[in-house]
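Structure first, commentary second.
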Amino acid sequence: MINFQYTRASDVSDAVRQIAADPTAKFIAGGTNLLDLMKEDVEHPTRLIDITRLPLTKVEETATGGLRIGALVPNSDLAWHAAITQRYPVLASAILAGASAQLRNMASTGGNLLQRTRCFYFYDTATPCNKRELGSGCSAIKGINRINAILGTSDACIATHPSDMCVALAVLEARIHVAGPGGERIVPFADFHRLPGETPEQDTNLDANEIVTAVELPAEGFARNYTYLKIRDRLSYAFALVSVAVGLEMDGTTIRQARFALGGVAHKPWRDPSAEAALNGQVASPENFRRAADLALRDAKGFEHNAFKIELARRTIVRALTQASRGTPQSQSNKKIA
Amino acid sequence: MARALATTQTTLLPPGKISVELVVNGVETKFDVAPWTTLLDALRERLDLTGTKKGCDHGQCGACTVLVDGRRINSCLTLAVMKDGAKVTTIEGLATDGALHPMQQAFIDHDAFQCGYCTPGQICSAMGLIAEGKAKTPDEIREMMSGNICRCAAYPNIVAAIQQVMGAS
Amino acid sequence: MSHDRSIPRRPGDISRREIMQGAIAIGALGYVGADAATSVAIAAEQQSPVGTPITRYIGTAISRIDGDAKVTGGAKYAAEYKVPGLVHTFVVGSTIAKGRIVRIDASEALLVEGVIAVLTHENRPRMADNDKAYKDDAAPEGAPFRPLYDGKIKFNGQPIALVLAEESEVARFAASLVRVEYEDEAHVTDLYRQRDAAFALPEPAKPRGDAAKAFGASDVRHEGEYYVPIEHHNPMEPYASTVTWDGGGKLTIYDKTQGVQNVHRYVCGVFDMKPDDVRILSPYVGGAFGSGLRPQYQVVLAVLAARALERSVRVVLTRQQMYSLGYRPAMIQKIRLGAKTDGTLDAITHDAVTATSQYEDFYRRETTWSGLLYHSANATYAHKLARLDLATSCDMRGPSAATGVYALESAMDELAVALKLDPLELRLRCYSDRAQTEGDVPFSSKNLRECYRQGAEAFGWDKRNPEPRSMRDGSDLVGWGMATGVWEALQMPITVRVVLTANGHAEVASATSDIGTGTYTIMAQVAADMLGLPLGSISVKLGDSTLPQSPLEGGSWIAASVSNGIVTTCKAIREELLRLAKKVPNSPLAKATVDEVALADGRLMSRQDASRAILIADVMRHGAVDRIEMEKSTSFANDGKHAHNTHSALFAEVKVDEQLGVVRVTRVVSAIAAGRILNAKTAHSQIMGGMVWGMGMALHEETLIDHNFGRIMNANIAEYHVPVNADVHDIKVIFVDEQDEIVNPLGVKGLGEIGIVGVPAAIANAIYHATGKRVRDLPITLDKLL
């Protein structure tokens, strides 16, 4: 771990002021990913600005019938919050599918958005990695890429975003509130994370001087027809090979509005508007689900060890849509797949 | 004879120490610690509370689980300075007046460990789990205890121990 | 492993030669034990001392006597000793797989305040320059790795520098500032790439008949190739050594090890130190599973640093660095089974290619289990070893059997399918009442038939529909699979000291270890019964190199060795008490012999007539002694007429999501025949733990190496998956009654390994039964089932 200074931020504007003053500083909240990476010398901020004392811990109703979740609300509090379990159960389910109870107690809502990839090469400073050191090359493309991306990859990077929570937020079309030196702005969820392209070192469109202050959920929570289905190498405490969050608005057996997002397959939670549109107005049927899955994966590209993810994702989408349409969401404790 | 391995010139200064106050197992404890010291290392190396274990130092095994303000967390991924003012309960703080906590006794009764290295973390995690009140069924206990790896694989006995305590409370 | 045939056979001595050649010796570690001259050999013919032991504690479900220490945080492990003036360290590992260090630049690291020194091959203190000094009790043939010895790089992650600092964080930070220049050489880490370059080992066992010819003539044949990847032990406690500088060059070392005396001899050898100047302590070990049989490099680094600085030093490995130690070697196994249509075997051929390093030849005998487990007139074995640019492979729980029996038992399942025979029925038709691999001798005991019966009954095997994909539970395919497990009942020479004091307390001591196996507890149980004292009056000492001689704790041999060792020493205590008792006026035991008396309830009493008894306290008072101390060695004579083995029958149920390939192991039953069970509670845990290891082996565990870099890429326990709580459901352990009056006086056979053996095959076979897919390379991850 690198030598660093430690300061505390007293309020949001102080936090922004402090980070603007030091381009090598980073905020720390839960610390579950940042300290992990600092111990591996992957992250080496010279200053940590502790934001855990900022007043960003509330879950509040918004004027438009949604919720505003403070960036420092711990993942576990959010997952068990009555408003979430009742109105946005897909979010509760996704959070509970991730990490462990201890890590969820520590991890913050804002921090979860900023999780970095689990790509083996990103973590190992002995190997080249464009995300860690731009221009050094991507070792995963010709290396061990079983956990890597199949969608939206570039020649520079095939890393995935590891969050479960974010997959649900993509479906809910959350809005990310950020504050910076120039004031506050709101980033639609789809625009928050980036694809790797030629700049894989940047995971998000957050400016270096900005801080996430809140995650806003619109009113629509898909509380009746939803699921979060996570497929992984053991039954708990493992990152997703593929996960699918679904929110459906149903009218009998007809899908009025469909949203689904994939985790574990791309540099960001993956949504495909055309695949969702193909479901709107259609009957919830295996054929229609398969067509939507095919559409979502039409540009998928596998590598030596992860080509299976294409078929796995296809089947997981179909299964998740089935679960959501039937109103039988996946339990995160009973491991039988509904 | 010791060899002259060292150099005398020093220019890179480690971060300065900061005074931190914790209530550890009910005792107010004040000490100076560098920002880069994790709560785990502070407990083990500064306060000599080695009951809390380091199994991976990366939040991947749960051996370092302690209760901070009543919640179970991985102390390896927490900086001690960030917990200034917090109440920390470690395995050493569970027994009262020499009598084992029922959870500790249940772990013994059910042989919920072998080598014992993950055990303090398992017990603290189980305490946290009961305080949370979310896990009731064996499936739920298994899931909510999955952040604590036991390589000796005492898992079914751990679940039985927790059920024993839940049944009694 | 040595093939030394020159060690003369002495009465009562188990030599390395016997271990390797006697019995089947598949997992044996080749430890040369105590000098036979001081040993008392125990064999069936001589075992009258126990007679019918009066047992209050043996066999019962006593809770661990070290339980309190472990649940309160009081149990201290190697890195947890508070030592004044301790120097903290951080290991720097190589980032290439092969080559040499051109330059190590520690100048920047040395600029950090609090850094004391950076130790490298260039400035380290003197250490031995011959291979012999580095040979520990479990060292295979070859030239052992010498940490920080020179600039040669033999594997990725090899320790190349040790940063010494006043605080651990400072050491860690400074380690990141050590710059290393290498000269790279081409490496190879892929077993499949080296397969053709593998060299043949001596015949693992004498072949019988002509297996090739018989295979060709068989009615039904099965041939399959099975792969097991590299696996890492991943004990929860990282390797650590705390070396205390006691002044005058004397060292007390708290080390994580499965053999304090092995480490002791090793440290004395490497550093040319006098035995009295080094003491190794390891009272608690946070799991090891074979990784602690050999001294690990952290102890060398710690001693180097302590001697360089003349200060106390601690070296703790990180979880990542734990992957630079030994591992279960990757292996490719080919099995050919030829059978008659009635299901009897004509031919068994078992070939293996396994991996080792470039500098040591580690291997075990994966292949010969096949010829032991089932009856066949024809059997042949071949084993090749491939050299890779990795650290030397090593023993890992159930070495050779976990892997060899996985291949065999998968192949047997495939044969059963080909024969259209129930897999259990096939096993019964091939049942072997004699150990054909050992000159066709009978077993000292073998109650495997009863394991099959009780296991099948508990599982409900008779309700199995033999057709694959025929059993369902909603969207899950249900599969039932079974397999057999086998291990060798090994025992090693051991010395036990017992001190009985007039206050009715006894201390029992031997330099063994308790790596979670329950050794403390069974030692107390056996001593309590043999001395007729309450369990609470017994204290146990182990994990200290100054205690009486003990072999390494491995191979499942400690329970048998130490428990019978306690019997021997307690007999000597009884003899002495009887001698004193006879001097008591009007002694009711005046004419008794030692075999006619027992110790029970604090009394020395006649076995025939319990009313003829004297309180131990009275005996000692009359004799004017306040303590009786006895230290006796025990070795185990093998009559050469029996094979000593443990067996198990495994039955597993899996549920596999038909579409997604997600496997859940919903039930596993293991019925075990392993002689006398000393402690029903800890024994259950041992077997259950082994079974979960088998699950991990079947479904999760695989060390992933990027062969471009020759580097392990999942060197952590987030991406090297071991089972978590949610993976483990209904586990049932049945101990089948098995009385063995031949293997040793107590009839104890050991449990550490047998739990895992057979489980991977039972699960793989269940997955086949569920899905109709036969996956022959472990782990069976869901992508292989899509």
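The values are calculated or read from the model by the stated rules, or taken from the named source; none is laboratory data. Bear in mind that the values here come from a model prediction, so they are computed numbers and not experimental data. Using ideal geometry, Cβ is built from the backbone for each residue, glycine included, and neighbour counts are taken over all protein chains shown. Ligands, DNA and RNA are stripped out before the accessible areas are found, and what is left, the full protein with its side chains, is counted by its heavy atoms. Shrake-Rupley method; radii C 1.70, N 1.55, O 1.52, S 1.80 Å.
Tell me the strands (runs of 3 or more DSSP E) entirely within region C:469-544 that contain at least 1 residues that are closer than 24 Å to C:G755 by Cβ. Reasoning before the result, please.
On the way: elements: C:471-473, C:476-488, C:494-501, C:505-509, C:538-541.
Where strands (runs of 3 or more DSSP E) fall fully within region C:469-544 and carry at least 1 residues being closer than 24 Å to C:G755 by Cβ, they are C:476-488, C:494-501, C:538-541.
Annotation: C:E181 fulfils all but one of (1) more than 20 Å from C:H350 (Cβ to Cβ); (2) over 34 Å from the mean Cα position of the chain (by Cα); (3) buried (at least 21 other Cβ atoms within 10 Å of the Cβ); the unmet one is (3).
Listed here are the residues, each with its yes/no results for (1) crowded, with 20+ Cβ neighbours inside 10 Å; (2) in contact with a Phe, Trp or Tyr (Cβ under 8 Å, 6 or more places away or on another chain); (3) on the phi < 0 side of the Ramachandran plot.
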| position | (1), (2), (3) |
| --- | --- |
| C:D66 | yes, yes, yes |
| C:A75 | yes, yes, yes |
| C:L86 | yes, no, yes |
| C:E108 | no, no, yes |
| C:N123 | no, no, yes |
| C:A128 | no, yes, yes |
| C:P140 | yes, yes, yes |
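Does region C:621-628 contain any residue that is under 30 Å from C:D433 (Cβ atoms), under 39 Å from the mean Cα position of the chain (by Cα) and modelled with pLDDT of 95 or more? There is no residue in region C:621-628 that is under 30 Å from C:D433 (Cβ atoms), under 39 Å from the mean Cα position of the chain (by Cα) and modelled with pLDDT of 95 or more.
From the list A:V283, A:V246, the one residue that fits, being surrounded by fewer than 21 Cβ atoms within 10 Å (Cβ to Cβ), touching a residue at least 12 places away in the same chain (Cβ under 8 Å), away from every other protein chain (no Cβ under 14 Å) and of a type in the set (A, V, I, L, M, F, W, C), is A:V283.
One residue stands out among those in region C:680-728 that are more than 8 Å from chain B (Cβ to nearest Cβ) and among the polar types (S, T, N, Q): the one that is farthest from C:Y323 (Cα to Cα), which is C:N708. Selection of region C:496-528 for residues being open to solvent by less than 10 Å² (accessible area, probe 1.4 Å), more than 22 Å from C:G290 (Cα to Cα) and out of contact with any Leu (no Cβ under 8 Å at 6 or more places or on another chain) yields C:V496, C:V508. Suppose the filter is assigned to a strand (DSSP E or B), under 27 Å from C:K206 (Cβ atoms) and modelled with pLDDT of 95 or more; does C:L385 pass it? Yes. In this structure, does C:T95 turn out to be in contact with a helix residue (DSSP H, G or I) (Cβ under 7 Å, 6 or more places away or on another chain), on the phi < 0 side of the Ramachandran plot and either in a loop (DSSP other than H, G, I, E, B) or open to solvent by less than 30 Å² (accessible area, probe 1.4 Å) (or both)? Taking the combined requirement at face value, the residue does not satisfy it.
Which one is least open to solvent (accessible area, probe 1.4 Å) among residues in region A:224-235 that are part of a loop (DSSP other than H, G, I, E, B) and in contact (Cβ under 8 Å) with a residue 60 or more places away in the chain? Break it down into steps so the answer makes sense when it comes.
Start the filter on region A:224-235 by keeping residues that are part of a loop (DSSP other than H, G, I, E, B), which leaves A:224, A:232-235.
Filter again for in contact (Cβ under 8 Å) with a residue 60 or more places away in the chain, leaving A:224, A:235.
Working: A:R224: 201, A:L235: 19 Å².
Once the filter is applied, the top-ranked residue is A:L235.
Among the criteria (1) under 30 Å from C:T72 (Cα atoms); (2) of a type outside the set (A, V, I, L, M, F, W, C); (3) open to solvent by less than 10 Å² (accessible area, probe 1.4 Å), the one C:P283 does not fulfil is (3).
For A:S325, the stated conditions hold: it is more than 10 Å from chain C (Cβ to nearest Cβ) and open to solvent by less than 30 Å² (accessible area, probe 1.4 Å).
Out of B:A161, B:A112, B:A154, one residue alone is at pLDDT 95 or above, facing another protein chain (nearest Cβ under 7 Å), crowded, with 22+ Cβ neighbours inside 10 Å and under 19 Å from C:G516 (Cα atoms). It is B:A154. When restricted to residues that are open to solvent by 30 Å² or more (accessible area, probe 1.4 Å) and under 19 Å from the mean Cα position of the chain (by Cα), region A:52-73 contains 1. Look through region A:19-36, keep the residues that are surrounded by fewer than 20 Cβ atoms within 10 Å (Cβ to Cβ) and of a type outside the set (D, E, K, R), and return whichever of them is farthest from A:E184 (Cα to Cα). Among them, the one singled out is A:T24. Annotation note: of A:T160, A:T153, A:T117, the sole residue that is of a type in the set (V, I, T) and open to solvent by less than 10 Å² (accessible area, probe 1.4 Å) is A:T117. Of all the criteria given as (1) under 13 Å from the mean Cα position of the chain (by Cα); (2) open to solvent by less than 10 Å² (accessible area, probe 1.4 Å); (3) farther than 30 Å from A:T62 by Cβ, the one not satisfied by A:N145 is (1).
Taking region A:37-125 as the region of interest, the helices (runs of 4 or more DSSP H) fully inside it that hold 3 or more residues being among the aliphatic types (A, V, I, L, M) and more than 9 Å from every other protein chain (Cβ to nearest Cβ) are A:82-87, A:89-97. Only one entry of C:G74, C:G85 meets the criterion of being within 30 Å of C:L542 (Cα to Cα), in contact with a Ser or Thr (Cβ under 8 Å, 6 or more places away or on another chain) and small (G, A, S), and that entry is C:G85.
Which residues, counting only those in region A:175-223, are of a type in the set (K, R) and either free of Cβ contacts under 8 Å to residues at least 60 places away in the same chain or surrounded by 20 or more Cβ atoms within 10 Å (Cβ to Cβ) (or both)? Result: A:R175, A:R185.
Per the conditions (1) within 13 Å of chain C (Cβ to nearest Cβ); (2) open to solvent by 10 Å² or more (accessible area, probe 1.4 Å); (3) without any contact (Cβ under 8 Å) to a residue 40 or more places away in the chain, the sole criterion not satisfied by B:L40 is (2). If the condition is being open to solvent by less than 40 Å² (accessible area, probe 1.4 Å) and either aliphatic (A, V, I, L, M) or in contact (Cβ under 8 Å) with a residue 60 or more places away in the chain (or both), then region C:451-463 contributes C:C451, C:Y452, C:G455, C:A456, C:F459, C:W461. Against the numbered list (1) assigned to a strand (DSSP E or B); (2) more than 7 Å from every other protein chain (Cβ to nearest Cβ); (3) among the hydrophobic types (A, V, I, L, M, F, W, C), B:I130 comes up short only at (1). Picking from residues in region B:94-105 that are at pLDDT 95 or above and more than 9 Å from every other protein chain (Cβ to nearest Cβ), the one that is least open to solvent (accessible area, probe 1.4 Å) is B:A99.
For the condition facing another protein chain (nearest Cβ under 7 Å), out of contact with any His (no Cβ under 7 Å at 6 or more places or on another chain) and under 24 Å from A:K39 (Cα atoms), what is the one hit in B:L47, B:L79?
Values: B:L47 fails: facing another protein chain (nearest Cβ under 7 Å).
Result of the check over B:L47, B:L79: B:L79.
For B:R142, the requirement of being in contact with a helix residue (DSSP H, G or I) (Cβ under 8 Å, 6 or more places away or on another chain), under 23 Å from C:G74 (Cα atoms) and at the interface with another protein chain (Cβ under 7 Å from one of its Cβ atoms) is not met.
Just checking, which of C:K632, C:K655, C:K571 is within 14 Å of chain A (Cβ to nearest Cβ) and surrounded by 19 or more Cβ atoms within 10 Å (Cβ to Cβ)?
Numbers: C:K632 fails: within 14 Å of chain A (Cβ to nearest Cβ); C:K571 fails: within 14 Å of chain A (Cβ to nearest Cβ).
Step by step, each of C:K632, C:K655, C:K571 is checked, and only C:K655 is within 14 Å of chain A (Cβ to nearest Cβ) and surrounded by 19 or more Cβ atoms within 10 Å (Cβ to Cβ).
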